[in-house]
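Any read-out appearing in this document is the output of simple, stated calculations on the displayed coordinates, not a laboratory observation. Note that the structure is predicted; figures quoted are calculated from it, not measured. Glycine also receives a Cβ, built like all others from the backbone with ideal geometry; neighbour counts cover every protein chain displayed.
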Amino acid sequence: MCIRDRVSTQSTGNFGSTMVKTEMNLEAPDMRAGYDNPEQGQAAEAAAMSLQSNLDLEALPIRAYLDHTVVPVLMQGLSALVKARPSNPTVFLAQYLLDNDPEKN
């Protein structure tokens, strides 16, 4: 952050006292400058995004949480189940979900 001070003085005429006025100009850092250590910066960004993603999931209502986390892989599993029509569909679906877990891949 870059701070520049500009000080001006005025005589008030009362017993020679002086009023000091300070004006500060704050400038935002140049975000294009990058990180001192790009690898650490990218790792920090990834960790922050992961934490934010987890917090966002915990704050979602039930339906939105399921739509975001379970429904996509479940729909794929149900589609595969309908195509295969196995004799034990629950075992087939359970195995499909375990094999296609997005957290594992």
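A compact table of results
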| quantity | calculated |
| --- | --- |
| Length released on extending from residue 78 to residue 66, taking residue separation times 0.36 nm less the Cα-Cα span | 2.8 nm |
| Cβ-Cβ FRET estimate between residue 57 and residue 85, R0 fixed at 25 Å, reported to 0.05 | 0.15 |
